[in-house]
Structure formats: structure tokens, C-alpha cells
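Written out below as C-alpha cells is the structure these notes cover.
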Amino acid sequence: MFRHYWLFWVAVSLIPNVIAGETDISKGLFAGYSIDIPVTAERRLGDRIVRDLYRDPDYIDDPVISDYLQAIWQPLMASARSRSEITPELDASFAWQLLQGRDRTVNAFALPGGYFGVHLGLIGIVSSRDELASVLAHELSHVTQRHIARLMSKQSEQTPWLVGAMILGALAASKNPGGANAVIVGGQAAAAQSQLNFSRDMEREADRTGFGVASDAGFSPQGFVSMFEKLQQSNRNNDSGNFPYLRSHPLTTERIADMKSRIPEGASTAPTGTLEHAMVSARARLLSNSSVEALRNWYSETEPGLLAKSTSSQKVASLYGATLAAIKLRDFSRALEYSNSLQTLVATDAPAKRQSRYLRAELFMAEGKPDAALSTLGFNAAPKTRADLLLWIPLKVATGQADVAADAAQLWLIDNPTDASMWQQLASARASQGRMVAAVRAEAEVNIAYFDYAAAVSRLKAAQSLYRSSSQNADHIEASIVDVRLRQVEQLLREQAVER
């Protein structure tokens, strides 16, 4: 589903039905074509789309990659707010959430309601955080400039048969993406030129707005140019379908020239990659293709002859990838050997050293040595970052410190109540404490975060049954929370059923 995300841009034709609560497509299709889309309606559509993406096998929430993305994303968001690109209404109404897709193709995309997808293939190919920031700033600008809403309005000007064909294509996508393509292409043929012109205008606007957002956030303005040039070169050399970003974001010479003209005189020629970026990029490449053969191929990159000819970034990436590959293959002695070499290379680079420490903790965790993993992380108290917590909490549980782990997870969730991965860690900690009602309620919160309200109702009812069958040590406060959450989620489930 991640690789066919662009079909959801076609699905925006369904928005009149979302707004009106229609379930019969034909009613909304021919009733009129003037669309005035509130941000709340766009958010509801985004929630519907992302609910399916969460269920997709390609969806992944890797805490290490997530923290790296957030270190880029949050400055971009702050810059967009300071430039008034994000209005207070939009800021409060949209999700502003990044989703990772375990897909080797080079792609990123914006969805209705402030959801954004990033393929691991994109993270694996960019050479610096500045290049990655350029893509994220571009996608952010599609949302801040309301391009999705404008695209829906543009589509409403087409004839009924065209809109009908696009809707049929969107509905077919979930079952047969190839068939959906045929339907959509046939339906769009007559209006292709007007749609293309509109898309070019949107791309130019997203380029210019994104350039300002990224530059004001402290990223190198050269990131846009080097990323565009990389994509252009790939477009010339590669027609295998691995670069869908180029299809949804048509690259032109004018766009590249426009970005070059905006770079101040005297700016550095190109952004430089860091050792940390090389490590995260290697992680993304490995997680997007973790077949046994692909994992073993990482070993060959560490041959002494190859390493001798490599740059520092290339050496670090090769050793990081080989270490992670050996962990996945449960070849722990080899993983430790690679990890030792990696630690030596990054000893004086604090961000890279932190990534090496994460990886070494993963090694000890996989080997069944939680005490060694905790010692490697080196935290005397509960850590503050999400990646640290998601590594540290299960280790605390494994070493008999579930109370401390549960407290840390609960504290994080006060400010981040939709963090499904953290709810899952809390469920594990509560189960280790013997607080089964609380554990099952935390599992329900995972489902709620993924908009799977039916599953959440089922888990909350299971928590009620546990409480009622308990003869002693009943958790009365947790039981009260379960009762309230059940009523809330049942209402959400009814609303969800109406939207369908």
C-alpha cells in the first residue's frame, strides 16, 4: 500500500461524501461540484487513509530512524510556524505525523490531514540530513499551502464521468493496484494537460515555500539542489520503477534552475554528510531489505581491501550495516567484532557514538544479555528521548524493574497519548507487574492509536471481564478508566461506521 500511496491523491474525489456522511457514491458524484473543504473534513479523510496504512505490512516504527527524522522534522515545523505558513487552525487540526514505510523505493508523500509518509528507500539514498530536509520541507509545504484541498477543488471542475473514473480507481486500489491504474489512466486522459499544469504550479510553490522553510530552519540551501540533481540523474539512468517520487513530483530543468538561483552567493557548494547520517542511512537500507541473502551481502562490504579505499562515512556505514546484519542473522560473535571496529571509528564523534551505543545495546538484547545492554546505554535514570526509552524500557522489564519501566512509559504518554509503540511497552511492563487489567487496557490504547476502534472495544471488554472476575487485589482506578474509555471508543466506532 505504501508504494501505491499516490492513489490516495485520486481518492480525494471522495471528500464530498466524507463531509456529507454519504455512503452512496453516486449521490455525492452528481449532486454538484463546488467543494469548500474544512480542515476538519480533510483531517477525517487523512485518519481514514492512515488507518489502512497502519495495517500495511510495510508500515514500520523504528525508534532510531524515527528520532533521526524528528530531529529534522521539528525544526522544519518550527520554521513553518514562525513564517506563518502553518495557521493556528491548521496547527491545531492536523496530525503533523511522519510514518515510515519499509519500502526500497525512493519516495515521500503528503496525505490529507497532515500525515506524511517516508520510504526507507529515500532515507537510504540521501547523502545528508540537508537533502532529507529538502524533501520533508517540500512535502510539508504541500500541506501548509492546502494543495490537497486545492487539488480536490480542481478535480471537481471535471466532468462527472472523469470524477467517476477516478473514484472507481480509488476503490479498486485496495484490491488490485494494477487494475486501478488502468481505470484511473483511462479516466484522466482527456483532462491530463490541465491537471499537469496545475501540478506543476503546486510543485513550484512547494519548492519555493519549502526552500524558505528549510533555510530558515538552519539546513543548507544546497540540499534542495543536490537532491534535485540526484533525482534527475536517477531519472536518466533508472527506469525500473524504483523512483516513484519522480512520477508524483515531476522534475524539470526549470525547477532545478529556480532553486539554484535562490542560493545566496558564497554559500557552500554542497551539504556534507555526517557519520551519524551514514549510520542511519545504512540502517534504513538494511531494514528495507532484510532477506538472508541481502543481510549476508553486508559482510562483503567490510572486506579490508574495500574498507581501505572507502571514506570515513562509507566505512562507518559498512560496519554499521554489517553489525546489524549479523545481529539479524544471530551471528553474535561476528556482530561484536564489527561493533568493536565501529566504536573505534566513531569514538570522537558524539552523535555517531550514540548510534553505535544503540546498536551495541541491540546486540546484547538480541543475545539475551539485558544487563550488558543496560550498561551499554549507560543511563542512571529514565532517559528523555523516545529512542532511548523504547530501548531502555524492555531492558528494565527484563531485569525485573517493571515498576520503573512502567512509570517512565506512563510519563511519556502524558504528553504523547497516541504513541502506539510506547503503549505497547507499557502493556508489557504492566503485565510484568501483574496488573493485567492495566496491561489489557494499554493494549486497547495501541488499537485506538491505530484507529482500530473495533479491536480496541474488544480489548476494553476483555479488561472489564478481568476486573469483574478478580476476587482480590482489584485495580479499582484502572477499572474506572476502562469503563470511561469503553464508552468513548464505542462512540468513535459508531462514527467510524457512519463514515464508511
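The values are calculated or read from the model by the stated rules, or taken from the named source; none is laboratory data. All values derive from a computational prediction rather than experimental measurement. Cβ coordinates were reconstructed from backbone atoms using ideal geometry, including for glycine residues, and neighbour counts include every protein chain displayed. Remember, those area values only see protein heavy atoms, side chains included, never the ligands or the DNA or RNA. Shrake-Rupley method; radii C 1.70, N 1.55, O 1.52, S 1.80 Å.
Values for this structure:
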read-out: Selection from region 96-122 of residues that are open to solvent by less than 30 Å² (accessible area, probe 1.4 Å) and more than 11 Å from the chain's Cα centre (by Cα); value: Asp103, Thr105, Val106, Asn107, Leu111, Pro112, Gly113, Gly114, Gly121, Leu122
read-out: Selected residue (criterion: nearest to Leu359 (Cα to Cα)) from residues of region 397-412 that are free of Cβ contacts under 8 Å to residues at least 24 places away in the same chain and part of a helix (DSSP H, G or I); value: Ala409
read-out: Matching residues in region 406-446 - criterion: being open to solvent by 30 Å² or more (accessible area, probe 1.4 Å), closer than 22 Å to Asp62 by Cβ and of a type in the set (S, T, N, Q); value: Asn416, Thr418, Gln424, Gln425, Ser428
read-out: The lone exception for Asp388 - which of (1) acidic (Asp, Glu); (2) open to solvent by less than 20 Å² (accessible area, probe 1.4 Å); (3) within 30 Å of Ser300 (Cβ to Cβ) it fails; value: (3)
read-out: Filtered residues of region 459-484 (kept if open to solvent by 60 Å² or more (accessible area, probe 1.4 Å) and either among the charged types (D, E, K, R) or over 26 Å from Gln433 (Cα atoms) (or both)); value: Arg459, Lys461, Arg468
read-out: Every residue from region 258-275 that is closer than 30 Å to Asp201 by Cβ and in a helix (DSSP H, G or I); value: Asp258, Met259, Lys260, Ser261
read-out: Every residue from region 77-94 that is in a loop (DSSP other than H, G, I, E, B) and open to solvent by less than 30 Å² (accessible area, probe 1.4 Å); value: Ile86, Phe94
read-out: Out of Val482, Val446, Val457, sole residue that is of a type outside the set (Ser, Thr, Tyr), touching a residue at least 40 places away in the same chain (Cβ under 8 Å) and assigned to a helix (DSSP H, G or I); value: Val482
read-out: Any hit, region 143-153, residues being closer than 29 Å to Leu90 by Cβ, buried (at least 23 other Cβ atoms within 10 Å of the Cβ), at pLDDT 85 or above and not hydroxyl-bearing (Ser, Thr, Tyr); value: yes
read-out: Residue under evaluation Ser84, criteria (1) touching a residue at least 60 places away in the same chain (Cβ under 8 Å); (2) on the phi > 0 side of the Ramachandran plot, criterion not met; value: (1)
read-out: So Gln314, is it more than 25 Å from the chain's Cα centre (by Cα), under 18 Å from Ser127 (Cβ atoms) and open to solvent by 40 Å² or more (accessible area, probe 1.4 Å); value: yes
